[in-house]
Amino acid sequence: MTTFQAPKGVPEYYPPASAAFLAVREALAAPARRAGYGYIELPVFEDTGLFVRGVGESTDVVSKEMYTFNDRGGRSLSLRPEGTAGVVRAVIEHGLERGQLPVKLWYAGPFFRAEAPQFGRYRQLQQVGVEAIGVDDPALDAEVVAIADEGYRSLGLQRYRLDLTSLGCARCRPAYRQRLQEFLGGLDLDAETRSRVAINPLRVLDDKRDEVQKQLVDAPLMLDHLCPECAAHFADVKGHLDALSVTYQLAPRLVRGLDYYTRTTFEFVHEGLGAQSGIGGGGRYDGLMADLGGPPLSGIGFGLGTDRTYLACQAEGLEVGDPARCDVFLVPIGDRAKARLVVVAGELRRVGVRVDLAYGSRGLKGAMKAADRSGARYALILGERDLEEPARVTGQLKDLASGEQQPIALDAVVDIVKEKLS
Ligand code: HAM
């Protein structure tokens, strides 16, 4: 019979590795929650037009990588390739900006891009993201960057860097863009690159080919052409980051794959991941609210790649998360012992102890092997003979690391186990 496989480019996380994946997601989200960001659960598919207008028609993400389909009513929908457009849509739709500003939201979940799959590049990718909308304050930019940095650091990651730049604003970027186009117009470029010069010249700065890079040495850079307001804004952001001891590297050629960025823009890069080294990125998008039909409010946020951060932890040999499935593994010998331990399992779980039980009719040896595999710290063994004195049923509690074993009265088991695990 034919069997099925998960679609190409879709990673799956199952035990024991999934414990590390969950721990990574939790570690990336925790600093956002501590900074007052509220959780938003977004639709996984949206009106295609939202991404075309929000992310940009000329971006690869929208023009080449979207999973787009018509629903039964003939409406064009797309699986979300990223989270910012959806958050901004939700803020406008629900009038969240009429409350306290900034609106601070975080989200986590899968996003979809039809990219050529390779190590660290998936078609279903996971992100933890934040968006802060409605206040243009360099201290807020620093907060957003510092939250991301804190997430990585709390996992123990060290071999990553933060690339930082400013992409200017609607006032200074057009003049810079023209200057860059004039510069690029004088270079020896192939037809495809020349058409990119016309549509999105900044992307050319990101060209990986040597023959192109060689010609770009003297290319004008946005950082040298910021208007006074953008320059002052960026200086403030850097000042706050210095004060927060967040280390960064200026990256005037940093280009992001999404069109909405303005001013502060950043990317976290890990050195252990090969070509797919971006473990997270973000920036300001001061025109996006207005572009999507809302009031002209600023915004800033990030999306951190949960899959890639997980891979980065592996590359650094970090043990993240607790792969143990339970704390106590119950081993009954015989049906009556099992019936009794099923009740004990319920009691222990009710007080928060993670408990599993040897189901089926395994012998002692097989059940103890299962106990070891479960990662539990203790096994509780109960035989038929132990039930002969119903007034004081006593099992054996075995410390699976040391092998030590002690008798334990079942009516005291909850208190004793809780105490031992605390
Ligand atoms: P992005 O740079 O496109 O930004 O994605 C953020 C992160 O998602 C990347 O740094 C990377 O770690 C991860 N990622 C992206 N594509 C893939 C893929 N194919 N496979 C595995 N991981 C991937 C955004 O999506 C923006 N919405 C971030 C943002 C929020 N900017 C402002 N607010």
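How large, in percent, is the carbon and sulfur part of the accessible surface of the chain at a probe radius of 1.4 Å?
Values: 10350 of 20730 Å².
So the carbon and sulfur contribution to the accessible surface is 50 percent.
Mind grabbing the accessible area of Thr247 for me, 1.4 Å probe, Å², rounded to tens?
Number for this one is 110 Å².
For helix 364-374, report the angle its Cα long axis makes with the longest principal axis of the Cα atoms of the chain; keep it between 0 and 90° and round to the nearest 10°.
It is inclined by approximately 20 degrees.
Would you compute, from DSSP H runs of 4+ residues alone, the mean residue ellipticity of the chain at 222 nm, taking -39500 (n - 2.57) per run and dividing by the full residue count, rounded to the nearest 500?
-11000 deg cm²/dmol
Could you pull out every residue, at least 5 positions away or on a different chain, whose amide H is within less than 5 Å of the one on Phe111? Hs are placed 1.01 Å off N in the peptide plane, and Pro or chain starts have none.
Leu125, Gln126, Gln127
Can you compute 3J(HN,Hα) from phi for each residue in region 73-79, using the Karplus curve 6.51 cos²θ - 1.76 cosθ + 1.60 with θ = phi - 60°, rounded to whole Hz and x for Gly and Pro?
x, x, 7, 7, 10, 9, 5
Using the Karplus equation 6.51 cos²θ - 1.76 cosθ + 1.60 (θ = phi - 60°), what ³J(HN,Hα) coupling, rounded to whole Hz, does each residue of region 273-285 give in order, writing x for Gly and Pro?
Whole-Hz 3J(HN,Hα) from phi for region 273-285: 10, x, 5, 8, 8, x, 8, x, x, x, x, 7, 9.
Say a site is exposed when it is one of the GluC sites (Glu not before Pro), sits in a DSSP loop, and has at most 15 other Cβ atoms within 10 Å; what is then the longest site-free stretch of the chain? Could you put the intermediate results ahead of the total?
On the way: sites that count: Glu12, Glu41, Glu57, Glu271, Glu319, Glu404.
It runs 58-270.
Could you go through region 391-406 in sequence order and give the Karplus-derived ³J(HN,Hα) for each residue, using 6.51 cos²θ - 1.76 cosθ + 1.60 with θ = phi - 60°, rounded to whole Hz, and x for Gly and Pro?
Calculated HN-Hα couplings, in order: 5, 9, 6, 10, x, 10, 9, 10, 6, 6, 7, 8, x, 5, 10, 9 Hz.
Out of Ala345, Ala29, Ala146, any idea which swings most in a Gaussian network model of the chain, alpha carbons joined below 10 Å?
Ala345
Choose one of Val24, Pro11, Val44: the residue whose Cα lies farthest towards the positive end of the charge dipole of region 1-71 (beta-carbon charges +1 Lys, Arg; -1 Asp, Glu; about the Cα centre).
Val24
If the chain between Ala243 and Glu57 were fully stretched, how many nm would it gain, using 0.36 nm times the residue separation less the Cα-Cα distance?
Additional length available on full extension: 63.1 nm.
Note down the magnitude of the dipole of the chain about its Cα centre, charges +1 on Lys and Arg C-beta and -1 on Asp and Glu C-beta and zero elsewhere, to the nearest 20 debye.
For the chain, the charge dipole is close to 920 debye.
Put +1 on the Cβ of every Lys and Arg and -1 on every Asp and Glu Cβ in the chain; which of Ala90, Leu311, Phe329 then has its Cα farthest towards the positive end of the dipole?
Phe329
Say the dipole of region 200-244 comes from +1 at the beta carbon of Lys and Arg and -1 at that of Asp and Glu; which of Ala231, Leu221, Val204 then lies farthest toward its positive end?
Positive-end residue among those listed: Val204.
Nothing charged except the Cβ atoms of Lys and Arg (+1) and of Asp and Glu (-1): what's the magnitude of the dipole of region 220-310 about its Cα centre? Round to the nearest 20 debye.
100 debye
Using a Gaussian network model on the chain with a 10 Å cutoff between Cα atoms, which of Ser195, Ser18, Ser78 fluctuates the most?
It is Ser195.
Please give, to one decimal in nm, the separation of the simple spin-label points placed at Gln405 and Val342, each 7 Å out from Cα toward the Cβ.
Output for this residue pair reads 2.6 nm.
Between their Cα atoms, which of Lys398/Lys418; Lys369/Lys398; Lys338/Lys369; Lys64/Lys214; Lys365/Lys398; Lys104/Lys208 are more than 24 Å away from each other?
Beyond 24 Å between Cα atoms: Lys64/Lys214; Lys104/Lys208.
Go ahead and set up a Gaussian network model of the chain, Cα springs under 10 Å, then flag whichever of Lys338, Lys369, Lys104 fluctuates most.
Residue with maximal mean-square fluctuation among Lys338, Lys369, Lys104: Lys369.
Expressed in nm to one decimal, what extension gain is obtained for the pair Ala139 and Asp218 from 0.36 nm per residue of sequence separation less their Cα-Cα distance?
Using 0.36 nm per residue and subtracting the Cα-Cα distance, I get 25.2 nm.
Taking all pairs of distinct Cα atoms, average 1/r, flip it, and tell me the Kirkwood hydrodynamic radius of the chain in Å to one decimal place.
Working: mean 1/r = 0.0403 Å⁻¹.
Here the Kirkwood hydrodynamic radius works out to 24.8 Å.
Just check region 328-421 against the gyration tensor rule for me: Cα atoms, a ≥ b ≥ c as the square roots of the eigenvalues, rounded for a/c under 1.5, and otherwise prolate or oblate depending on whether a/b exceeds b/c.
It comes out rounded by the Cα gyration axes.
Rolling a 1.4 angstrom probe over the protein chains, ignoring ligands and nucleic acids, what is the accessible area of Phe234 in square angstrom, nearest 10?
Here the accessible area works out near 10 Å².
Less than 11 Å Cβ to Cβ from Ala35, Lys/Arg counted +1 and Asp/Glu -1: what total charge do the surrounding residues give?
After counting each charged neighbour, the total is +1.
Hey, with R₀ at 30 Å, roughly what FRET efficiency would Arg72 and Tyr39 work out to, going by the Cβ-Cβ distance, to 0.05?
It comes to 0.45.
In a shell of Cβ-Cβ distance under 15 Å around Ser361, excluding Ser361 itself, what net charge do Lys and Arg (+1) and Asp and Glu (-1) give?
After counting each charged neighbour, the total is +3.
With charges only on Cβ, +1 for K and R and -1 for D and E, what is the dipole size of region 303-375 about its Cα centre, in debye, rounded to 20? Don't skip to the end; give the middle numbers.
On the way: 12 positive and 9 negative charges, 107 e Å.
Once rounded to the nearest 20, the dipole reads 520 debye.
Output the 0 to 90 degree angle, nearest 10, between the alpha-carbon long axis of helix 306-315 and the longest principal axis computed from the alpha carbons of the chain.
Once rounded, one gets 70 degrees.
The values are calculated or read from the model by the stated rules, or taken from the named source; none is laboratory data. Keep in mind that what you see is a predicted model, and the values were worked out from it rather than measured. Cβ atoms come from the backbone with ideal geometry, glycine included; neighbour counts cover every protein chain shown. Accessible surface areas use protein heavy atoms only, side chains included; no ligands, DNA or RNA. Shrake-Rupley method; radii C 1.70, N 1.55, O 1.52, S 1.80 Å.
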